[in-house]
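The values are calculated or read from the model by the stated rules, or taken from the named source; none is laboratory data. Keep in mind that this is a model prediction, so the values were computed, not measured. Using ideal geometry, Cβ is built from the backbone for each residue, glycine included, and neighbour counts are taken over all protein chains shown. All accessible areas refer to the heavy atoms of the entire protein, side chains included, with ligands and DNA or RNA removed. Shrake-Rupley method; radii C 1.70, N 1.55, O 1.52, S 1.80 Å.
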Amino acid sequence: MEVNEQTLRSAARPGSKDASAGRALRRRRLLSAWLFMLPLLAVNVLVILGPSVATVYYSFTEWSGIGPAEWVGLQNYTDILSDGDFWSALSHNLLWTVIFLTVPIGMGLGGAFMLSQITRFQMIFRVLFFIPYVMASVVNAAIWQNILDPDRGIGSTLALLGIPWLEGVSFFGSQALALPAVAFVDNWHWWGFVVLLFLTALQSVDKELYEAAKMDGAGRWQQFVNVTIPGIRATLVFVVLMTIIGSLLVFDYIYIITQGGPAGASEVVGTLMYKEAFARFEAGYAAALGLGMSFLSGLIVMIFIYLRRKGWEV
Amino acid sequence: MPFERMLMMQRPLSRRQFIVRGGKAALGAGIAGSVLAGCGGGSSAGGPVTMWSNLEPGDPQDFFKQNIEPGFEKANQGTKLDVTFQPPAEIDRLVRTALQGGEGPDIIPTPGPAYAAEYVDANLFAELDEYVNQYSWDDKLLGWALDLGRSDDKLYTIPYQLQTMILYFNSTLFEEMGLQPPKSRDELEGLAEELNGQGIVPFAAGIGDEPAAVEWFPTVFWNHFSGPQALYEALTGETPFSDAVFVDAIELFNDYVQRGWFGGSREKFFSNGFDALHADFGDGKAAMNIEGSWFMASAVDFFGQGAGNENDWDWAPLPPMQSGVPQEMYALGIGSTISVNARSANTDGAASFIDYLVADKKRAAEYMAAVPSAFNAPLPFEEGDFPGSMDERVRRQLVSLSQATGNGNFGYTNWTFWPSKSTVYIQEEIQKVLTGDMTAAEYCEGLAGVFTEERKEGLVPKIIEPGA
């Protein structure tokens, strides 16, 4: 290795007799690197770049998913702008984002902070919190569909115990409740993971900072705001970023539980896109919808990068 | 109701499973091609025949593997049938992807004639006309069913899994309460009010598991309120779907939902799953169930000691809800169609299997007796055609359907006769009528627009006139 470095340094000097040997070595190294990367690049081109380029192309066409595609230019994009279903679905994505930026993050922070204060049984709680996250979404959904069933679920059970206020409430069949109810189920599976992320971050916060804060007379809340939050800022930003992007692309729980119903009350762009592609056979339009959402996600990432470069601690 | 939707239980296929299965199918097709190429190619029977099936796990798949597959291979020495059971809820998407990629098995199912039309337009299905004479399908199969499989007078698909919408009732409950199945709209509404007043849900209903199943109800109300003649005129372009006769039918359905007759309340109608609603029906918490003939296959799971009750079920034709609508009339439905891949290397073998599965009355009757509704062939059955082991109610339904259609007393299910975009419109937008976000008139106006466009594109299958 050392010899090679010397050779390279020699090669860097113009006119050196080792220059050509150095260049050859550099080429060989470059070639080796590309050969190692080639299989991965090929896979990427095949499964990511290829479909991505195809999606861009099809977004400018009218295509049913079979047969030839007809070039329609920007028609799909202009149609999206005047599509009431799209704007309704996007508004549900935004509502979903607000819910997930507040509820699970709040619960995660609180849970992690409380968990960090105990030493006994912490592992048990960590496992318990993590179990919903590793369960299949269809299983989680089925569990909660049964629990929230208006006739056989928790509402009717509570009614038998003399607490009738949830009796007959159809959480997934009500236009007002469907989206929050599905968000609740998704949150149930997600928040435990957030707890563990924050807990890991909390454990890296210097304990002396807490001691110093205590000596300065800071209470628990002040410690949390002035020591904990700054100490886990990087994790917090990561979770916020993932939450926003995840909320824009949300699909599974909504599709499994309500399929966007009733009457579009829980429709998000992901489920709308699926329906366009595989129910209405408007694959070109669905491609445009997908690209639109990718653009939005990319925009958010760019904003974060921009803010970081401007010196914001995000 | 396409078979994948009537099977009620969605089992998503992972990308990995899809790749593995697609790979197997491609490998199968590749092997088939190689073998045939080695034998001189062509489309002669004798090589393997690959097939994707939408049959549900359990009895239908078991029966197929234990009886149909070995039976066919025995009857066609040297021809191996390689069937892959695909998730019913996903099979159309898988077929679409495979065909677009130039793959797919020799024998391909679709959800119905209206869906098959797109594949025919894209030249993805083989013409089957030469086999019509070879196997005498014109003489064996029901004429209207064969016509449904034709496009520009050429045969591309064989309709299969015949079905219709009927009124199931909890016969034990009816007997205890001294009730009779309704024979008119007045009787139906009187019955519903009486049951509702006694705390019994008149109709077990819900679309929580499968929102697209809401299409059963526009189909029922258009057929039994608007009538088959009005539907015929609309489907042939003489009358728009915005006509008052269709609007009134939707308003009537909406009225019943708002009264809580379907599922107990509008919200429960939206959220009830199939198991829950069928359990209510079996337990007598709900008295009736408007559903397709496919429910006969699973009724045993919800009635009797096995289901934890002492109840039994029966069925009756849906009553006419307006004068002029025939008393005993059945909306015709096709659960799936069967076609041969245009790229098949063994079209002869594929056609011979279709003939084996569909066209032999004795054999088909045995299948239909063994597993109700999964193998309903488009054949002109009579009472004596079915084995004695067949459930009397299933036999009665099949004979009634055959006789009524023979007499021209038939209607049209939307999943069979409406093109795909119109079908999706019917499924998606009707929910907005039920929630009050759209009026029945707006709904029908929208359908008229979508349907007219698809009709212009030639996507409406051949419509047979009722009474013809």
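If you stretched the chain out fully between B:Q134 and B:D255, how much longer would it get, using 0.36 nm times the residue separation minus the C-alpha to C-alpha distance? Display every interim value, and only then the final one.
Details: separation 121, 0.36 × 121 = 43.56 nm, distance 5.25 nm.
Gain on extension, B:Q134 to B:D255, equals 38.3 nm.
Spelling out what I want: for every residue of the range B:113-128, take phi, set θ = phi - 60°, compute 6.51 cos²θ - 1.76 cosθ + 1.60 (Karplus), and round to whole Hz; glycine and proline get x.
Karplus values, whole Hz, x for Gly and Pro: x, 5, 6, 5, 4, 5, 5, 5, 4, 8, 6, 9, 10, 7, 5, 10.
Could you work out the Rg to Rh ratio of the protein assembly as shown, with Rh taken as the Kirkwood radius (inverse of the mean 1/r over all Cα pairs)? Walk me through the intermediate numbers first.
On the way: Rg = 30.7 Å, Rh = 29.5 Å.
Across the protein assembly as shown, the Cα-based Rg/Rh ratio is 1.04.
Evaluate the Debye formula for chain B with equal point scatterers sitting on the alpha carbons, no solvent, and hand back log10 of I(q)/I(0) at q = 0.11 Å⁻¹, in q order, two decimals.
Once normalised to I(0) and log-transformed, intensities are -0.87.
With every protein chain in place, what's the accessible area of A:I303 (1.4 Å probe, Å², nearest 10)?
90 Å²
Please give every one of the aspartates and glutamates within straight-line cross-link reach of B:K80, meaning a C-alpha to C-alpha distance under 14 Å, and leave out same-chain neighbours fewer than 8 residues apart.
B:E69, B:D106, B:D348
Measure nothing fancy, just the Cα-based angle from helix B:15-38's long axis to the longest principal axis of chain B, in degrees from 0 to 90, nearest 10.
Helix B:15-38 sits at roughly 40 degrees to that axis.
Quick one: which residues, 5 or more positions from B:S242 or on another chain, have an amide H under 5 Å from its amide H? H modelled 1.01 Å from N in the peptide plane, none for Pro or chain starts.
B:A448
Tell me which of A:F100, A:W63, B:W52 sits at the most positive position along the dipole axis of the protein assembly as shown, charges placed on C-beta atoms (Lys, Arg +1; Asp, Glu -1).
So the residue we want is A:F100.
Report the dimensions of the range B:167-245 along its three principal axes from the alpha-carbon atoms, largest first, rounded to Å.
Here the spans come out as 47, 30, 19 Å, largest first.
Give a residue-ordered list of calculated ³J(HN,Hα) values for the range B:264-275 (Karplus: 6.51 cos²θ - 1.76 cosθ + 1.60, θ = phi - 60°; whole Hz; x for Gly, Pro).
x, 6, 4, 5, 5, 4, 6, 10, 4, x, 5, 4
Where a ≥ b ≥ c are the square roots of the eigenvalues of the C-alpha gyration tensor, would you call chain A rounded, which needs a/c under 1.5, or, failing that, prolate if a/b is larger than b/c, or oblate?
Values: a/c = 2.47, a/b = 1.23, b/c = 2.01.
In terms of gyration-tensor shape, oblate.
Between the alpha-carbon centers of the range B:303-348 and the range B:183-198, tell me the distance in whole angstrom.
24 Å
Under 5 Å between amide H atoms, partner at least 5 residues away or on a different chain: which partners does B:N272 have, H built in plane at 1.01 Å?
Residues meeting the criterion, in which the H sits 1.01 Å from N, are B:I207, B:G208.
Is there a simple number for the mean count of other chain Cβ atoms within 10 Å of the Cβ of residues in A:269-281, and what is it?
Values: counts 0, 0, 0, 0, 0, 1, 3, 1, 2, 5, 9, 7, 7.
Whole-number average of other-chain Cβ neighbours for A:269-281 is 3.
About the Cα centre of the range B:81-184, how large is the charge dipole given +1 on each Lys and Arg Cβ and -1 on each Asp and Glu Cβ? Please answer in debye to the nearest 20. Intermediate values should be presented prior to the final figure.
Details: 6 positive and 17 negative charges, 76 e Å.
Dipole of the range B:81-184, to the nearest 20 debye: 360 debye.
Taking the Cα centroid of the range A:240-314 and of the range A:15-77, what is the distance between the two, rounded to the nearest whole Å?
Result: 25 Å between the Cα centres.
Contact order normalised by length for chain B, with contacts defined as Cα pairs under 8 Å and 6 or more residues apart; what percent is it?
Numbers: 867 pairs, mean separation 117.7, N = 468.
Dividing the mean separation by the residue count of chain B yields 25 percent.
Can you figure out the FRET efficiency of A:M302 with B:D301, using R₀ = 56 Å and their beta-carbon distance, to the nearest 0.05?
On the way: r = 54 Å, r/R0 = 0.97.
In this case the efficiency is close to 0.55.
State the answer as a single residue: which of A:F171, B:S271, A:L30 lies farthest towards the positive end of the charge dipole of the protein assembly as shown, with beta carbon charges of +1 for Lys and Arg and -1 for Asp and Glu, about the Cα centre.
Result: A:L30, furthest along the dipole toward the positive end.
On a full-extension model of 0.36 nm per residue, what is the gain between B:E383 and B:A244, subtracting their alpha-carbon distance, rounded to one decimal in nm? Walk me through the intermediate numbers first.
Working: separation 139, 0.36 × 139 = 50.04 nm, distance 3.99 nm.
Result: 46.0 nm gained on full extension.
With runs of 4+ DSSP H residues as the only contributors, calculate the mean residue ellipticity of the protein assembly as shown at 222 nm using -39,500 (n - 2.57) per run, divided by the residue total and rounded to the nearest 500. Please list the in-between numbers first.
Details: 37 runs with 425 residues, N = 782.
Using -39500 (n - 2.57) per qualifying helix, the result is -16500 deg cm²/dmol.
Can you tell me the orientation of helix B:244-258 relative to chain B, as the angle in degrees between its alpha-carbon axis and the longest Cα principal axis, to the nearest 10?
So the inclination is approximately 70 degrees.
Treating the beta-carbon of each Lys and Arg as +1 and of each Asp and Glu as -1, no other charges, what is the dipole magnitude of the protein assembly as shown about its Cα centre, to the nearest 20 debye?
Details: 52 positive and 86 negative charges, 1032 e Å.
Taking the Cα centre of the protein assembly as shown as origin, the dipole is about 4960 debye.
For a bin width of 5 Å, list the pair-distance distribution of the range B:352-457 built from all Cα-Cα distances, rounded to whole %.
2, 11, 15, 14, 11, 11, 12, 12, 8, 4, 0
Only four residue types carry charge here, +1 at the Cβ of Lys and Arg and -1 at the Cβ of Asp and Glu. Report the dipole size of the range A:77-309 about the Cα centre in Debye, rounded to the nearest 20.
Details: 11 positive and 15 negative charges, 159 e Å.
In total the dipole reaches around 760 debye.
In whole Å, what is the distance between the alpha-carbon centres of the range B:149-167 and the range B:370-425?
Value for the Cα centre distance between the two parts: 11 Å.
May I ask you to derive the relative contact order of chain A, considering only C-alpha pairs under 8 Å and at least 6 residues apart, and to give it as an integer percent? It would help to have the intermediate numbers written out before the result.
On the way: 336 pairs, mean separation 77.9, N = 314.
Reported relative contact order: 25 percent.
Between A:W312 and A:M215, 0.36 nm times their residue separation minus their Cα-Cα distance comes to what? Could the numbers behind the result be given before it?
Working: separation 97, 0.36 × 97 = 34.92 nm, distance 2.98 nm.
Separation in residues times 0.36 nm, less the Cα-Cα distance, equals 31.9 nm.
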